[in-house]
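Notes to accompany the following structure.
The values are calculated or read from the model by the stated rules, or taken from the named source; none is laboratory data. Computed from a predicted structure; not experimentally measured. Cβ: placed from backbone, ideal geometry, glycine included. Neighbour counts: every protein chain shown.
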Amino acid sequence: MTDTIEHALPYPEAGSAEDAAFIGIGELPSGKFADRTFMGALVEVSARAIIDAGLTPRDIDTILLIPCLHGGRDQADLIFSRLVEELGLNGRAKSSMMIHSGGSTSDSATRVAAGLIASGQARNVLIAQADRWGSAPVTDMVDMLSGFGIPREWEVPAGVTFNAVGGLITQRYMHASQSTPEEMASICVALRDWARLNPNAMFKDKELTIDRVLSSKMIADPIHAMECPMLADGAVALVMTSATEARRTKDAWVRIAGSGGTVSHYSLGQETDLAVMNWPRASLEAYEQAGWGPEDVDIAQVYDSYAAVLAQGLEGLGLAPVGEAARQFAAGRFSPGGDLPANTNGGLLSAGHTGVGGGTALLAEGVRQLLWHAEKPRQVEGATRAAIGGTGGTYMDSQVMLLERVVR
C-alpha cells in the first residue's frame, strides 16, 4: 500500500456555487417509543430540518433516504417515494432515492448530495432517516443481527454474530494495544457522560461506571453487556444546499473540506488487521483534500458500535497515537472538558443504536457542533473543524469526512 492517494481530488472552492453546505438539522429523541409511527417520525424529523434550514417543504427538490432495517413494508415506502407525498411535494420533487451502505450510509448519502449540488442537478437536498430498532419484535432483530452482512457459507454456521464480530475485534485491539478491560470500559463511561448532556440520548438519565460495565454479563469475550449498543428508535435529517444559496439567508454554515474512503472486505476473515482496519488510508485521502491535518481537528464523531471500533477510528484518523486511544479515554481526553471532545451526542453506545441512523446521528452532531447549535454545556466552544468517521456491515469500510465552519 502506498502512502499517497492518486485519486484524491480537491473539493470545490469554498463559497462557490459548487460547494455544498449543511444548513439544517432535525432530530427526535432516541429510545423505545411504541406509539411513534415510522412515517410519522420521518415526516416530523424532515420538517424540523427544513424549518431549521429556514426553508419550506416546497423548497426541497431532491430527497435522499437512508434505509430502515426494522421491516420490509416501511422500507418499500422509502423506495417508492412516500415521503415526497407526505411532504406535499407531488409533482415538484425532481427525485427521491434510497442509498445504503450500512453504518457508513450517511457518508455515502452526503457525497451523493454534494455531487448533485456541485453539478447543478439539485438545489436543496433533504437527507432523512428513521428506524424502529427499539420497538421492532426482538426475534426479528436477533435474526437480522445474527446474519445480515455475515457470510452465510462459512461464518454464520460457526456462530458468528455481530456481537461475536465485536468480540473478535476487541480481542485483537486489546492484544495489539495492551489496553486493559478498565481502559476499554472507560470509553463507554465517557460516552455516557456525553449522553447525559444530550436531551435526545436514550440514556440521558442513567449514570455509568467502570465497575458497572465490568460487572455486567459477559456477552462475547471480552465484551460485557454494558459494552454492547442498545437497539433504539430514532430519526434524524439534514438539509444541504450550495454555499451561494446558504449565503443568502445564513450567517454560518458547514462545508465538506475533504473526504476519503476504503472498502476493505465483506467477510471479517478477509480483513488483514483487525486492530487497525483501513482508517489510516481513508484519513490520508481526506486530509490531503482538506489541506489540514489531525492537529487542526476540534471535535470528532466516529462510529462506536463497540469501544474498540471507536478507538481504532480515532487512532486511524491520527487523533490518538496508535494503541493509545483507550488509555487517553481513561485519562479523560475525549470526555466533557477534555481537549478533544469525541462523540459528543453519546454515540451509539449511549445515545442509542438506531440502525443505519447511528452514523447519521453522529454526522448531524458534528454539523450541530460546528453551527454552534448544541445545548450548553454540551456545545464545544469555538469548534470550527470536525472529523467524522463511519463504517458499515462487519466494519467493511472506513469512511472519513472532514467538515469546517464557514462564516458569511
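Okay, here's what the table says:
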{"quantity": "Of all residues making up the stretch 332-383, the number that are in a loop (DSSP other than H, G, I, E, B) and more than 18 Å from Pro199 (Cα to Cα)", "calculated": "12"}
{"quantity": "Single residue of the stretch 233-281 satisfying the filter (in a helix (DSSP H, G or I) and small (Gly, Ala, Ser)) that is farthest from Ala53 (Cα to Cα)", "calculated": "Gly269"}
{"quantity": "Residues of the stretch 186-241 that turn out to be at pLDDT below 95 and of a type in the set (Gly, Ala, Ser), as a count", "calculated": "0"}
{"quantity": "Residues of the stretch 181-202 classified as within 13 Å of Ala308 (Cβ to Cβ) and of a type in the set (Val, Ile, Thr), total", "calculated": "1"}
{"quantity": "The stretch 109-140: number of residues that are at pLDDT below 95 and within 18 Å of Thr391 (Cα to Cα)", "calculated": "0"}
{"quantity": "The stretch 114-143 residues that are surrounded by 13 or more Cβ atoms within 10 Å (Cβ to Cβ) and in a helix (DSSP H, G or I), paired with ones that are at pLDDT 95 or above and not aliphatic (A, V, I, L, M) (beta carbon under 7 Å, 6 or more apart)", "calculated": "Leu116/Thr62; Ile117/Thr241; Ile117/Ser242"}
{"quantity": "Test: Arg58 is assigned to a loop (DSSP other than H, G, I, E, B), loosely packed, with under 14 Cβ neighbours inside 10 Å, touching a residue at least 24 places away in the same chain (Cβ under 8 Å) and not aliphatic (A, V, I, L, M)", "calculated": "no"}
{"quantity": "Residue list for the stretch 384-408, restricted to those being surrounded by fewer than 20 Cβ atoms within 10 Å (Cβ to Cβ) and assigned to a loop (DSSP other than H, G, I, E, B)", "calculated": "Thr384, Arg408"}
{"quantity": "Qualifying residue in the stretch 233-247 (condition: in contact with a strand residue (DSSP E or B) (Cβ under 7 Å, 6 or more places away or on another chain), of a type in the set (A, V, I, L, M, F, W, C) and surrounded by fewer than 22 Cβ atoms within 10 Å (Cβ to Cβ))", "calculated": "no"}
{"quantity": "Residue that is farthest from the chain's Cα centre (by Cα) [pool: residues in the stretch 357-383 that are over 23 Å from Gly54 (Cα atoms) and buried (at least 24 other Cβ atoms within 10 Å of the Cβ)]", "calculated": "Gly357"}
{"quantity": "Condition check for His100: surrounded by fewer than 20 Cβ atoms within 10 Å (Cβ to Cβ) and part of a loop (DSSP other than H, G, I, E, B)", "calculated": "yes"}
{"quantity": "The stretch 162-174, residues that are in contact with a strand residue (DSSP E or B) (Cβ under 6 Å, 6 or more places away or on another chain) and either surrounded by fewer than 19 Cβ atoms within 10 Å (Cβ to Cβ) or not small (Gly, Ala, Ser) (or both)", "calculated": "Asn163, Thr170"}
{"quantity": "Test result for Gly159, surrounded by 14 or more Cβ atoms within 10 Å (Cβ to Cβ), farther than 30 Å from Ala21 by Cβ and not polar (S, T, N, Q)", "calculated": "no"}
